[in-house]
1. For a Förster distance of 22 Å, can you work out the FRET efficiency between the beta-carbons of residue A:118 and residue A:8, rounded to the nearest 0.05?
2. Tell me the angle of helix B:12-25 to the major Cα principal axis of chain B, expressed in degrees between 0 and 90 and rounded to the nearest ten.
3. Mark the label point 7 Å from the Cα of residue A:87 along Cα→Cβ and return the residues of the range A:25-49 whose backbone N is within less than 18 Å of it.
4. In the P(r) worked out for chain B, what percent of Cα pairs fall beyond 20 Å?
5. Mind pulling the angle between the C-alpha long axis of helix A:85-106 and the longest principal axis of chain A? Nearest 10 degrees, somewhere in 0 to 90.
6. Report, in degrees rounded to the nearest 10, the 0 to 90 angle that the Cα long axis of helix A:49-62 makes with the longest principal axis of chain A.
7. Find the lysine pairs in the protein assembly as shown meeting two conditions, Cα atoms under 28 Å apart and a separation of 8 or more places or different chains, and report how many there are.
8. Under a no-solvent Debye model with one identical scatterer per Cα of the protein assembly as shown, what's log10 I(q)/I(0) at q = 0.07, 0.14, 0.17 Å⁻¹?
Number of protein chains: 2
Amino acid sequence: MFNLNPNTGVPIYRQLMEQVRRMVSSSQLKPGDALPSVRELAMTHAVNPMTISKAYSMLEAEGLLERQRGKAMTVAGNLPLQESKPDRLERLQPAIENLAMAARQLELGSDDVLKAVREHMEKQDA
Amino acid sequence: MFNLNPNTGVPIYRQLMEQVRRMVSSSQLKPGDALPSVRELAMTHAVNPMTISKAYSMLEAEGLLERQRGKAMTVAGNLPLQESKPDRLERLQPAIENLAMAARQLELGSDDVLKAVREHMEKQDA
DNA sequence: ATATGTGTATTATTTTACTAATACACTAGG
DNA sequence: CCTAGTGTATTAGTAAAATAATACACATAT
């Protein structure tokens with residue numbers, strides 16, 4: 001469900017927060033949906049439970065998740081159903097800027113970059 | 001010349017290392033070329049000089065840079081002139097994978113992603 | 001020689017991220 | 001009631017990242 005890589009330099013709890021935000025934004029996680037348990041995520045990603053709990057707590061502080069004693073964390077109920085495509089494209093911008101910077105420094109033109117992106121995403125769908 | 005953002009979670013010295021590697025790979029930095037001085041980079045990016053020095057030292061340990069006492073750091077002289085396009089595309093992969101993951105979680109299709117990338121890169125060239 | 005420019009070593013401090021091992025409060029099902 | 005499942009608090013420790021303030025060794029141009 002999530003993709004947590006401890007070798008990117010990006011803190012694990014930050015990776016998780018960002019990915020939850022995206023999936024809520026696209027309604028792959030809808031209001032009321034339960035999130036994977038802290039211990040389960042910690043197990044499958046070989047990470048300390050408190051690292052997961054930290055991400056969940058910060059998302060609750062943001063108002064994105066709701067906490068109920070003794071039960072699994074759920075997506076907050078007072079959220080717009082799905083963000084518009086422009087809003088989701090806005091969330092994609094940092095990844096695009098990062099890609100564009102790398103391409104510029106590698107002196108790869110938009111044609112080469114677009115081809116590489118297309119090939120990767122088609123492989124993904126298959 | 002470089003783009004160092006302290007808010008991404010990625011350590012500054014790692015950002016710098018990666019960007020130097022890319023520009024050497026594309027021969028925007030050629031063997032013998034001097035790099036910006038530690039103090040200059042530290043000033044313009046509001047960063048501690050030792051943070052820059054750490055990146056330079058690690059790149060020297062990699063064999064990418066050469067150090068000469070009292071003089072500026074230079075690109076090592078024993079490097080292949082420019083990496084092939086396939087090799088540079090290989091270096092682009094992490095940025096592509098990151099973009100594809102974000103798109104998948106945002107439920108944005110390849111058409112929308114490609115359009116957004118194209119628009120961003122065209123704006124860049126202008 | 002002197003001044004200015006390299007990178008670096010040193011020492012100390014602060015902040016952040018992550019791990020570890022327990023224990024607690026609560027919910028739900030048998 | 002009891003057990004297994006939630007998230008969390010607690011306390012402690014380790015490691016990484018970045019800052020800060022000096023000081024050193026060397027090169028280069030004046």
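1. Values: r = 24 Å, r/R0 = 1.09.
After rounding to 0.05, the efficiency reads 0.40.
2. Tilt of helix B:12-25: around 90 degrees.
3. A:25-33
4. Numbers: 4317 of 7875 pairs.
Tail of the P(r) past 20 Å holds 55 percent of the pairs.
5. So the helix axis and the longest Cα principal axis differ by about 50 degrees.
6. In chain A, helix A:49-62 runs at an angle near 90 degrees to the longest axis.
7. Final tally of qualifying lysine pairs is 26.
8. Evaluating at q = 0.07, 0.14, 0.17 Å⁻¹ gives log10 I(q)/I(0) of -0.30, -1.04, -1.28.
The values are calculated or read from the model by the stated rules, or taken from the named source; none is laboratory data. Quantities reported herein were computed from a predicted structural model and do not represent experimental measurements. A quick note on method: Cβ atoms are made from the backbone with ideal geometry, for glycine too, and the neighbour counts reach across all protein chains shown. SASA here: full protein model, heavy atoms, side chains in, ligands and nucleic acids out. Shrake-Rupley method; radii C 1.70, N 1.55, O 1.52, S 1.80 Å.
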